[in-house]
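The values are calculated or read from the model by the stated rules, or taken from the named source; none is laboratory data. The structure presented is a predicted model; accordingly, all values stated were derived computationally and were not measured. Note that each Cβ is placed from the backbone with ideal geometry, even for glycine, and that neighbours are counted across all protein chains shown. All accessible areas refer to the heavy atoms of the entire protein, side chains included, with ligands and DNA or RNA removed. Shrake-Rupley method; radii C 1.70, N 1.55, O 1.52, S 1.80 Å.
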Number of protein chains: 2
Amino acid sequence: MKLLEEKIRQDGTAVNEHILKVDSFINHQVDPALMQEMGREIADHFRNRGITKVATIESSGISPALMTALSLEVPMVILKKQPSKILNQDLYQTVVTSFTKETNYELTLSKKYITSEDHVLLVDDFLANGEAATAAIRLIRMSHATIAGLGVLIEKSFQPGHEKLKGQGIEVYALARIGKMGENYIEFWE
Amino acid sequence: MKLLEEKIRQDGTAVNEHILKVDSFINHQVDPALMQEMGREIADHFRNRGITKVATIESSGISPALMTALSLEVPMVILKKQPSKILNQDLYQTVVTSFTKETNYELTLSKKYITSEDHVLLVDDFLANGEAATAAIRLIRMSHATIAGLGVLIEKSFQPGHEKLKGQGIEVYALARIGKMGENYIEFWE
């Protein structure tokens, strides 16, 4: 998606070979019109495949997932990072190791919101090592739902997430694929 | 907002006098079309007041805030619950006591995204005791920005949040105001 690549070139910062800062329009400050465009683009790619739910991981996946779900006219389900006492105890649960935060956390899903009837599109902001996505897919599969694929805004293609998910039979669609980056340069893959 | 009141009556559950579960359309599973309607309604209430940013608190405020910001055609800024190592160190920080989670957490804001030039509308899903909103306003005011008001989806009007914020000179606009509730009944205020 040319629009996103241009925005990354203009407002993103490659801090080093691994860290890309896009907190001026994706993570911390969010550009709602761009987010709507990006959600529509992911929705268009996966349209007419019988998707019944869009799922995402709390919290930076919420904006792209909400816009994708809006365009596909299906509910969004947020996989929660910890059980809240307001949710009931009827939950699927799994543990995720976060590369960014260097911590483990628990991902939870109420059994009510994804069932064996569902065909689920997972949406997130970033794909890097694929740890969060792999855990999310593991969690969704506990419900015996099927997975339509993974849509992400930005993929760090030099990290193993894409290949790892492909190996599990998951189609990955990324709006921008970064092949290589370093201090102040970013190389995109077509 | 009649639409939201009807939805709460239909799909919400008053567990007891204090806990309202709306996790089938607001918190855990999200209805994107309803969320867009609600965001537009909050935006319409505060339109033409020179709002430059919509701010919200991670993470259940993100959906309504994104839709409000989309309608107002301004950026959304997410007040983060903890500093990420990807963000730079140039942050405002404050501590919040959470009633729901019974814990303290740190709320942070990058100094880049809200400045003294901004007129900020705060948006969240719930207003109850007003602890999170009060902390968010304290954080935003560190930047010397001005506050246009607080827009929320659901206000528990029997808790002190609304009065507390009014006392600080903050206009509160809630799409649904719950005057009283208990096991299986909910009373709305006009």
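Filtered by the rule that a residue be surrounded by fewer than 23 Cβ atoms within 10 Å (Cβ to Cβ) and either more than 8 Å from chain A (Cβ to nearest Cβ) or in a strand (DSSP E or B) (or both), segment B:45-59 gives B:HIS45, B:PHE46, B:ARG47, B:ASN48, B:ARG49, B:GLY50, B:ILE51, B:THR52.
Set side by side, the residues B:ILE178, B:ILE147, B:ILE154, B:ILE170 differ, and just one is open to solvent by 10 Å² or more (accessible area, probe 1.4 Å) and either part of a strand (DSSP E or B) or touching a residue at least 24 places away in the same chain (Cβ under 8 Å) (or both), which is B:ILE147. With respect to (1) more than 14 Å from chain A (Cβ to nearest Cβ); (2) surrounded by 15 or more Cβ atoms within 10 Å (Cβ to Cβ); (3) at pLDDT 95 or above; (4) in contact with a Ser or Thr (Cβ under 8 Å, 6 or more places away or on another chain), the lone exception for B:SER116 is condition (2).
Contact map, segment A:104-115: residues that are part of a strand (DSSP E or B) paired with residues that are open to solvent by 50 Å² or more (accessible area, probe 1.4 Å) and of a type in the set (Ser, Thr, Tyr), Cβ distance under 9 Å, separation 6+ or inter-chain. Pairs shown: A:ASN104/A:THR97; A:TYR105/A:THR97.
Can we say A:GLU5 is in contact with a Phe, Trp or Tyr (Cβ under 6 Å, 6 or more places away or on another chain), surrounded by fewer than 20 Cβ atoms within 10 Å (Cβ to Cβ) and away from chain B (no Cβ under 12 Å)? In short, yes. The single condition among (1) of a type outside the set (Ser, Thr, Tyr); (2) more than 10 Å from chain B (Cβ to nearest Cβ); (3) touching a residue at least 12 places away in the same chain (Cβ under 8 Å) that A:GLN36 does not meet is (2).
Residues of segment A:76-98 that are open to solvent by less than 20 Å² (accessible area, probe 1.4 Å), at the interface with chain B (Cβ under 8 Å from one of its Cβ atoms) and at pLDDT 90 or above: A:MET76, A:VAL77, A:ILE78.
The listed residues are A:ILE62, A:ILE42, and the only one of them that is more than 8 Å from chain B (Cβ to nearest Cβ), buried (at least 20 other Cβ atoms within 10 Å of the Cβ) and modelled with pLDDT of 95 or more turns out to be A:ILE42.
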